[in-house]
1. Report whether or not residue 199 is at negative phi and in contact with a Phe, Trp or Tyr (Cβ under 6 Å, 6 or more places away or on another chain).
2. Just one of 193, 189, 198 is more than 17 Å from the chain's Cα centre (by Cα), crowded, with 16+ Cβ neighbours inside 10 Å and in contact (Cβ under 8 Å) with a residue 60 or more places away in the chain; which is it?
3. If I go through the range 157-194 residue by residue, how many of them are more than 21 Å from residue 116 (Cβ to Cβ) and modelled with pLDDT of 90 or more?
4. Which ones in the range 123-168 are among the hydroxyl-bearing types (Ser, Thr, Tyr) and part of a loop (DSSP other than H, G, I, E, B)?
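The values are calculated or read from the model by the stated rules, or taken from the named source; none is laboratory data. Keep in mind the model is a prediction, meaning the values are calculated, not measured. Here the Cβ positions follow ideal geometry from the backbone for every residue, glycine too, while neighbour counts run over all protein chains shown.
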Amino acid sequence: MNRRLKKIIKKRKHQQFYANHYREKKHYSIYIMKLFNQILASIIVLLCLLISRSNEKLHFIYDYASKNMNFMKVKRFVDNTLVGIIPNYQKDEFVGSIVIDLDNTKDYLNGIIIETDYAEPVQALTDGIVIRIYEDESLGRVLVIQDESGREFHYGLLENIEVGMYSIISKGDVLGLGRINENFNGEYYLAIYYNKEYLDVIDVINEE
């Protein structure tokens, strides 16, 4: 093979290398832009919700979104798209199940009241995200956690709440303390809402 042919082959290899490098760089840039746009859209949605929550004129937007939007799926999407980009500092996963003595429960409104020991904390039954915290005339302070399937766990009759709005909750996390009843034991309310109806709490507890 003469020198001229070798130079041509070498030149073409260089051209092919730079062409492939350019294509890869272009594809990577497109991927990054799509990823950025998706994350930006999620952030904008959450910011709009926070603004509408504090603005009386826009509060209807927050009410609609909090009842129809699956916040946990948004959170999962962000987690999955950022895997490998942002370090994962998740704490150890809760192992086992939350023990609830079903003999110490009674029906109340759309759920049940669970009696606990005096200083026993209220623990989350499942992973989720806090989507509402409010005061109710019958249920006192109420905390609502939405799981990935869209179920809403309503914890009521809480004396104090240890988590805030949009906190990411893991199964077994302490949510707060229930109120003290006439027997000087703790108690709290639990109802589970899904697909426009309240579920049987005992059945869900047994599944969990």
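1. Details: at negative phi: yes; in contact with a Phe, Trp or Tyr (Cβ under 6 Å, 6 or more places away or on another chain): no.
Taking the combined requirement at face value, the residue does not satisfy it.
2. Numbers: 193 fails: more than 17 Å from the chain's Cα centre (by Cα); 198 fails: crowded, with 16+ Cβ neighbours inside 10 Å.
Just one listed residue meets the conditions, 189.
3. Of all residues in the range 157-194, those more than 21 Å from residue 116 (Cβ to Cβ) come to 164-168, 193-194.
Retained after the next criterion (residues that are modelled with pLDDT of 90 or more): 193-194.
Residues meeting the conditions: 2.
4. Let us first name the residues in the range 123-168 that are among the hydroxyl-bearing types (Ser, Thr, Tyr), namely 126, 134, 138, 149, 155, 166-167.
Selection gives 126, 138, 149, 166, 167.
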